[in-house]
Amino acid sequence: MTASSPPTQYHIVPLDPHAHLYQVSVTVVDPDPAGQRFRLPTWIPGSYLIREFARHFVHVRAEAERGEIGITKEAKDLWRAAPCFGPLTVVAHVYAYDLSVRTAYLDGTRGYFNGSAVFLCPEGREDAPCTVDIVPPDPAFGEWRVATTLPAVVAAPYGFGRYRAENYDALIDHPVETGTFATATFIAGGAQHDIAVTGHVRADLPRLAQDLSRVCQWYIDLFGGAANSPAPVDRYLFQVLAVGDGYGGLEHRASTSLVCRRDELPQPGVADISDGYLNFLGLASHEYFHTWNVKRIKPEVFAPYDLTRENYTRQLWAFEGITSYYDDLALVRCGLIPAERYLELVGRILTTVLRTPGRLTQSVAESSFDAWIKHYRQDENSPNAGVSYYAKGALVALALDLTLRFVGRVSLDDLMRALWIRHGHPGIGVPEDAIEKLASELAGRDLGDFFARHVYGTEDPPLARLLEEFGVTLHLRAATGPKDRGGKPAQGEAPASTLGARVGPDLKLTYVTRGGPASRAGLSAGDTLVAIDGIKASQDLIAAQLMRPRSAEPIAIHAFRRDELRSFELELQPAPLDTAWLTLDGNAGSSAMLRRDAWLGTLG
Ligand SMILES: [Zn+2]
């Protein structure tokens, strides 16, 4: 098919918001005379799990010129209409009630959809241009508007009407928000950037726009140099859904969909960046960096995506891990937070990874490859068996950046720029070994050993040694209790003992460390604590036991395994040195200080 093919025409109506049903139709002017087939993606790019969106198609019918014709399902995600002359229209009812950024949602307050969850693709017409009529709901929802980066054909700004996409791949990469959202706008790299915030919020949107503009401009400058480096898009959109409790984001070519807690957005009259707001800025920064890293600089196997099956790559540590490294780094580099606050964030990621024994079993390359069956399917054994290519990937990226800076007088910034020039800008996929080769080329020495140990192997990156060369000291200590996530210990807090298990709010063990005290006593994930030394179990009692001076006496534990009461004898152990915090080294030499300033952008 060429761009001169007749467009595939889509039409989406919020049919029954209270029943969460969209009516979605697709019209093909010149259907395959042998019987046109239609396919729905099984996954959405950016979230590497087969999600079977077709399970929410509740009613599908086909109409040709003379009326209704037969349509048969041939596979879980595939329909075939009876042979007919065009135009052929397939109409589906799609159930949409997922609050996440990955599928679709509809109720009386808002509608949201990713094309991959609602738009059938006529087989053989993947490259044909598309039009989409986005129809308003019943007049009862008269205030609703539309926020999307699909280009408008006939629609006012934020209006319902006709939009277009150059092909099916583009059609499903511009999610659509409809409802009563608040908006703000800023310019970065010469491009308009819009923010649309949905939800019951009272947020300081001008402040949010101001802060995000610094982050976005910093990335735009990183990839091009200020003067002649426009943003890679004409217009960018942050779609934000603020809820009571939630977190998530998904990157797209010219937009991102974010879910956050409403108290994470900046509050009017509050000048400081709260921990919650910092979390939100990190998320927005992460997704914006993806505009380059993974949306344009992408693994060879994603160019193009095969939406019918898993697309395997060992590089997600780079596409997600490097992105996770830059998301916080950009905040210090653009001057939003001081170096000390950035180092606190690094300490937390390091703490998370050190508390994941599975990092010694699974490499980040393996974790990337198995994302489809492991990362999105976390279970009680995941921390023992695997590691996140996000968190460990961010640490590998940090170690790679410091290594490039120290031995090669270059940096990860140079590597990202080279990937952009060689792969992202010209649209050439990144082969599986390209990043390793490019890093060695830039450093002027073979970095194969680094990749063998820390990317393809499970060895921890040598962060303490590297950070020291940059005037930063890495400290390790024992946790001071179950809620200690890392950072500098509060004064007077003593190291605690460890149970070797995570206890949920309902006193159920969610995870048991292999070889730890709970595991050796015979406790398992899923067991519910009932009593400790004969006293009814509670979170406070557990915390008190962990702070008690250790004695030789084992603790008597009673717990339910399923519905059977069991008793255990548990010997606590000293908490391991798995809690990290980082400080600026006041005695660092001048060359280390210079390297640190260049790395953190604190020069001058
Ligand atoms: Zn990401």
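The residues in region 388-415 that are within 16 Å of the ligand (Cβ to nearest atom), closer than 30 Å to ALA501 by Cβ and in contact (Cβ under 8 Å) with a residue 60 or more places away in the chain can be counted, and the count is 8. All conditions in (1) surrounded by 24 or more Cβ atoms within 10 Å (Cβ to Cβ); (2) of a type in the set (Gly, Ala, Ser); (3) within 16 Å of the ligand (Cβ to nearest atom) hold for GLY282, with the sole exception of (1).
Take PHE369 and tell me if it is within 16 Å of the ligand (Cβ to nearest atom) and not in a loop (DSSP other than H, G, I, E, B). The answer is no for PHE369.
Scanning region 360-374 for residues that are within 25 Å of LYS508 (Cβ to Cβ) and either at pLDDT below 95 or more than 19 Å from the chain's Cα centre (by Cα) (or both) yields a single hit, THR361. For region 244-259, indicate whether the set of residues that are surrounded by 17 or more Cβ atoms within 10 Å (Cβ to Cβ), within 16 Å of the ligand (Cβ to nearest atom) and part of a helix (DSSP H, G or I) is non-empty. Checked region 244-259: no residue is surrounded by 17 or more Cβ atoms within 10 Å (Cβ to Cβ), within 16 Å of the ligand (Cβ to nearest atom) and part of a helix (DSSP H, G or I).
SER388 meets the conditions (1) modelled with pLDDT of 95 or more; (2) more than 22 Å from SER47 (Cβ to Cβ); (3) assigned to a loop (DSSP other than H, G, I, E, B) in every case but one. The failed one is (2). Just one residue in the set LEU467, LEU476, LEU438 is more than 26 Å from the chain's Cα centre (by Cα), of a type outside the set (Val, Ile, Thr) and buried (at least 18 other Cβ atoms within 10 Å of the Cβ); that residue is LEU467. Restricting ALA227, ALA271 to residues that are out of contact with any Cys (no Cβ under 9 Å at 6 or more places or on another chain), within 21 Å of TRP420 (Cβ to Cβ), outside any helix (DSSP H, G or I) and at pLDDT below 95 narrows the list to ALA227.
The conditions of being of a type in the set (S, T, N, Q), more than 20 Å from the chain's Cα centre (by Cα) and either more than 13 Å from the ligand (Cβ to nearest atom) or not in a helix (DSSP H, G or I) (or both) are not met by GLN378.
Pairs linking a residue in region 591-603 that is within 15 Å of VAL346 (Cβ to Cβ) to a residue that is of a type in the set (S, T, N, Q) and surrounded by 15 or more Cβ atoms within 10 Å (Cβ to Cβ), with Cβ atoms under 9 Å and 6 or more positions apart or on different chains, are ARG596/THR602; TRP599/SER411.
With respect to (1) within 16 Å of the ligand (Cβ to nearest atom); (2) within 21 Å of LEU466 (Cα to Cα), the lone exception for LEU354 is condition (1). Select from region 301-326 the residues that are β-branched (Val, Ile, Thr) and within 16 Å of the ligand (Cβ to nearest atom) and write down the one among them that is surrounded by the most Cβ atoms within 10 Å (Cβ to Cβ). The qualifying residue surrounded by the most Cβ atoms within 10 Å (Cβ to Cβ) is ILE322. Each residue in region 160-170 was checked for being surrounded by 23 or more Cβ atoms within 10 Å (Cβ to Cβ) and either part of a loop (DSSP other than H, G, I, E, B) or touching a residue at least 60 places away in the same chain (Cβ under 8 Å) (or both), and 1 pass. Test VAL396 against the criterion of being among the hydrophobic types (A, V, I, L, M, F, W, C), within 23 Å of ALA518 (Cβ to Cβ) and either assigned to a helix (DSSP H, G or I) or in contact with a His (Cβ under 7 Å, 6 or more places away or on another chain) (or both), and give yes or no. Judged against the criteria, VAL396 is not a match. Within region 260-279, how many residues are closer than 27 Å to LEU415 by Cα, away from the ligand (no atom under 15 Å from the Cβ) and without any contact (Cβ under 8 Å) to a residue 60 or more places away in the chain? Total satisfying the criteria: 0.
Table: residues versus (1) under 35 Å from the mean Cα position of the chain (by Cα); (2) charged (D, E, K, R).
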{"position": "SER567", "(1), (2)": "no, no"}
{"position": "GLU571", "(1), (2)": "no, yes"}
{"position": "ASP578", "(1), (2)": "yes, yes"}
{"position": "THR583", "(1), (2)": "yes, no"}
{"position": "GLY586", "(1), (2)": "no, no"}
{"position": "SER591", "(1), (2)": "no, no"}
{"position": "ASP597", "(1), (2)": "yes, yes"}
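The C-beta contact set for region 314-331 (first residue under 8 Å from TYR390 (Cα atoms) and part of a helix (DSSP H, G or I), second residue hydroxyl-bearing (Ser, Thr, Tyr) and near the ligand (Cβ under 9 Å from one of its atoms), distance under 8 angstrom, 6+ apart or interchain) comprises GLU320/TYR390; GLY321/TYR390; SER324/TYR390.
Here's the yes/no breakdown for (1) touching a Lys or Arg at 6+ places or on another chain (Cβ under 6 Å); (2) more than 30 Å from GLU52 (Cα to Cα):
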position: GLY124; (1), (2): no, no
position: ALA128; (1), (2): no, no
position: PRO136; (1), (2): no, no
position: TRP144; (1), (2): no, no
position: VAL153; (1), (2): yes, yes
position: ALA156; (1), (2): no, yes
position: THR185; (1), (2): no, yes
position: ALA188; (1), (2): no, yes
position: VAL201; (1), (2): yes, yes
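Considering the conditions (1) farther than 24 Å from ILE349 by Cβ; (2) in contact (Cβ under 8 Å) with a residue 40 or more places away in the chain; (3) among the hydroxyl-bearing types (Ser, Thr, Tyr), TYR219 is excluded by exactly one of them, (1). Per the listing ILE337, ILE373, the residue uniquely free of Cβ contacts under 8 Å to residues at least 24 places away in the same chain and hydrophobic (A, V, I, L, M, F, W, C) is ILE373. Within region 288-299, is even one residue part of a helix (DSSP H, G or I), within 14 Å of the ligand (Cβ to nearest atom) and within 29 Å of GLY124 (Cβ to Cβ)? Looking for residues that are part of a helix (DSSP H, G or I), within 14 Å of the ligand (Cβ to nearest atom) and within 29 Å of GLY124 (Cβ to Cβ), one finds none in region 288-299, hence no.
The values are calculated or read from the model by the stated rules, or taken from the named source; none is laboratory data. All values reported here derive from a predicted model rather than from experimental measurement. In this analysis, Cβ positions are derived from the backbone assuming ideal geometry, glycine residues included, and neighbour counts consider all displayed protein chains.
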